[in-house]
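Data block below; observations after.
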2 protein chains.
Amino acid sequence: MNDMHMMSFGASRRQVLVGKIRTVAQDRPLRLSCGKDIADIPVAYQTYGTLNEAKDNAILICHALTGDQYVASGNPVTGKAGWWNFMVGSGKPIDTDRFFVICSNVLGGCMGTYGPKHHDAEGNVLGLNFPVVTIRDMVAVQQRLIESFGITQLFAVIGGSVGGMQVLQWAVDFPNMVRCVIPMATAARHNAQNIAYHEIGRQAIMADPDWQDGAYHDAGTFPVKGLSIARMTAHVTYLSENALQHKFGRMLQHGDVLDFSFDANFQVESYLRHQGVSFVERFDPNSYLYVTKAADYFDLAQPHDGALSLAFAHTPVSFCLLSFTTDWLYPTMETRHIVRALNAQGADVSFAEIDSPYGHDAFLMEDTHIMNVLGGFLDGKAKKFGVGV
Amino acid sequence: MNDMHMMSFGASRRQVLVGKIRTVAQDRPLRLSCGKDIADIPVAYQTYGTLNEAKDNAILICHALTGDQYVASGNPVTGKAGWWNFMVGSGKPIDTDRFFVICSNVLGGCMGTYGPKHHDAEGNVLGLNFPVVTIRDMVAVQQRLIESFGITQLFAVIGGSVGGMQVLQWAVDFPNMVRCVIPMATAARHNAQNIAYHEIGRQAIMADPDWQDGAYHDAGTFPVKGLSIARMTAHVTYLSENALQHKFGRMLQHGDVLDFSFDANFQVESYLRHQGVSFVERFDPNSYLYVTKAADYFDLAQPHDGALSLAFAHTPVSFCLLSFTTDWLYPTMETRHIVRALNAQGADVSFAEIDSPYGHDAFLMEDTHIMNVLGGFLDGKAKKFGVGV
């Protein structure tokens, strides 16, 4: 197993410093949900803290749709601080003095793990020749990565949104390989509205002539406008109506003058355009197609004819579920549905609905309630299992 | 004043049979909110029923964002029945045996009233040379149309959504020219989320290279994809999450097989794509920019430094406001805000929140609750004022 620091994957618009990479599935190819086998899968990841002798203090953090492995350290692409800096670190709720924290870029992503930006054996960028992958496939790759560390059981798997889906999938697919899970702001399946918004984003990308049927790397183009519109559409779903209204209301860009044009006149318009433009600087359009599709395909009850509780039959895993009052993308109702399924199995379940004005993005916001719930749960379970103490 | 049946406005992709047209503001030009004067404004409209001798039995219906004047008769463009057939007609809640019903296409629209598809004096399609108009401007044009019938007071003005904004604007701008108003599923101002979704739609249109900076008529192109994405984005906001989930859930197009591709796999994806495509057949992209912008600019409280009640000072108008439980685009909260402002003025106000699963589009759905509230209110006021009886 080789750790390396490398510069990535030529054909992207920008050269990306991806940090640590391991190649997994070298001996045993991985069979994807679509039926294809893949092997020698590069996985980009970061770690924080120290794996103890017993190798029982590891926490896997699963990032959200367009997140990355830079949980608690600077992202070399954006130059921004780690996206969960307030949560992960020495003395923080996910305490790196006690726990060994791992976060890897998802399969299909664009931050170093195997995805549509990679090349085939002939050196061509994969683009749409990359297979359509599922949350289950993403988790299977993570499991290989965890194995590569010699870890036989994770202390915890934690994540929000599409990261939360991965967390749930971990509990379903590898119940004996994880002591506890913390899925936040998530659901056991994508509903019709979730799929609808993702589909609009994909259509926006694919409508952009610069997308070039996915071969923009070869064409030397980049679907800036399409990807930007996809991000704008998604971004509105991440915020609550109240948060948008509170932050921007009907405030104008320039004093109180309506400009009677189609320029960005309201501050919320300018803000949205900025969200779109800055996303284009850091994300790969084809990866956006793949990760949104994986989320849309997610449905833990599907293999059980809709009976979600059967997905968790006799689960030994301890669950702590968090939802947020103003999250309308994955509302509390979706989490309650999971809680009921777990209750039906007599599982060990904690559930907190946290009052927050920030909508779906609440799990990314520094908030003492979240930090207390998460830190308290981990501390309690660590003491119970004698881990990381 | 001339009524005529004509074939419309060459430069659109399709020749459109627009029905009745009157030219208003022939003597007195109309000063728009942006400061420009316009004159000789063609207004396309339909009427149902008969204007009585006293000319006091007229009801103006204001259509929504992408609606049209074909309230209760076949639309020649789409071939579809009138959009409010169940509400307007002989013996129906808006009873054409008693009332004379008028509906005109809005200023900036694309169904015959003056808009960006029209030509300038040199014969060039206006496109973005058409002025940015407001809800107030739309209503001012309607007022000229009503005058042209010799009507000095409307019995009622009725409309939902952006039509409801026009209704409210009528009450504010011409309080002595209307006895009662029925604004439905609307708000006194567009909030940040409303503006955000409209802005995404506009960006999608303007990102399409076939939009040609608004000059697609001259270029012989048409931003099919951009307009389609704009419609898809808006369409999701018109439905409730429950309605989408109930109608489509996670049902697939072809049995229960995930196709692991980016084709429309879920029924909701196919449905959305169809919504986009069929919209392109009937609506003008530049008109979409103009009517969404007019809605975004709408804010009745703005001239009164945010004090909405002052917009209705001493109003003699009778109000009947309707909202719908699952409308998240213009939620009941927005209507309550208007009701409170009217109460502060001691206005005559009825308010009903109607339980409906259909989200914002509920006002377009045949529903006995809506029909009873609306029919009952009109009947009561007609008897009180001795109109149409």
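Miscellaneous remarks
- When A:Leu168, A:Leu258 are compared by accessible surface with a 1.4 Å probe, the order from highest to lowest is A:Leu258, A:Leu168.
- Copies compared at B:Ala54 - label distances in nm, ascending, label defined 7 Å from Cα in the Cβ direction: 9.0
- Among B:Asp218, B:Asp173, B:Asp256: highest mean-square fluctuation, GNM of chain B, C-alpha pairs under 10 Å: B:Asp256
- For A:Lys225, the lysines whose Cα falls under 17 Å of its own Cα, not counting residues fewer than eight places away in the same chain, are B:Lys225.
- Chain A shape via C-alpha gyration tensor axes, a/c threshold 1.5: oblate
- Selection from A:Phe279, A:Asn194, A:Gly226 lying farthest towards where the dipole of the range A:193-293 points positive, charges on Cβ: A:Asn194
- Counting only Cβ charges, +1 for Lys and Arg and -1 for Asp and Glu, the dipole size of the range B:193-293 around its Cα centre is about 300 debye.
- With a cut-off of 10 Å between beta carbons, the residues surrounding A:Pro316 carry a summed charge of 0, where Lys and Arg count +1 and Asp and Glu -1.
- Label-to-label distance for B:Asp305 and A:Ala215 is 6.4 nm, based on points extended 7 Å past Cα in the beta-carbon direction.
- Förster radius 45 Å - calculated FRET efficiency between A:Ala121 and A:Thr368, Cβ distance, rounded to 0.05: 0.30
- FRET efficiency for A:Thr50 and B:Asp259, using Cβ-Cβ distance with R0 set to 45 Å, rounded to 0.05: 0.50
- Using Cβ point charges alone (K and R +1, D and E -1), the dipole size of the protein assembly as shown about the Cα centre works out to roughly 500 debye.
- With a 1.4 Å probe rolled over the protein heavy atoms of all chains, the accessible area of A:Phe174, B:Phe149, B:Phe130 falls in the order A:Phe174, B:Phe149, B:Phe130, largest first.
- Largest-first ordering by accessible area, 1.4 Å probe, given options B:Ser323, A:Ser90: A:Ser90, B:Ser323
- Label-reachable residues, the range B:164-202, where backbone N falls under 12 Å from a point 7 Å from B:Asp348's Cα toward its Cβ: B:178-181
- Test item: Cα-centred dipole of the range B:224-362, Lys/Arg +1 and Asp/Glu -1 on Cβ, debye: 160 debye
- Three-way shape call for the range B:199-354 based on the alpha-carbon gyration tensor, with the a/c threshold at 1.5: oblate
- Over chain B, relative contact order from alpha-carbon pairs under 8 Å, at least 6 apart, %: 17 percent
- Estimated FRET transfer efficiency (A:His337, A:Asp37; beta-carbon r; R0 25 Å; 0.05): 0.15
- Since only A:Val317, B:Gln245, B:Phe266 are under comparison, the one whose Cα sits farthest along the positive direction of the charge dipole of the protein assembly as shown, derived from C-beta charges on Lys, Arg, Asp and Glu, is A:Val317.
- Label-point separation in nm, B:Ala81 to B:Asn176, each point 7 Å along Cα→Cβ: 4.3 nm
- Considering only A:Ala264, A:Ala301, A:Ala313, the Gaussian network model of chain A with Cα springs below 10 Å gives its largest mean-square fluctuation to A:Ala264.
- Three-way shape call for the protein assembly as shown based on the alpha-carbon gyration tensor, with the a/c threshold at 1.5: prolate
The values are calculated or read from the model by the stated rules, or taken from the named source; none is laboratory data. Just so we're clear, the structure is a prediction, and the values are computed from it rather than from any experiment. A quick note on method: Cβ atoms are made from the backbone with ideal geometry, for glycine too, and the neighbour counts reach across all protein chains shown. Remember, those area values only see protein heavy atoms, side chains included, never the ligands or the DNA or RNA. Shrake-Rupley method; radii C 1.70, N 1.55, O 1.52, S 1.80 Å.
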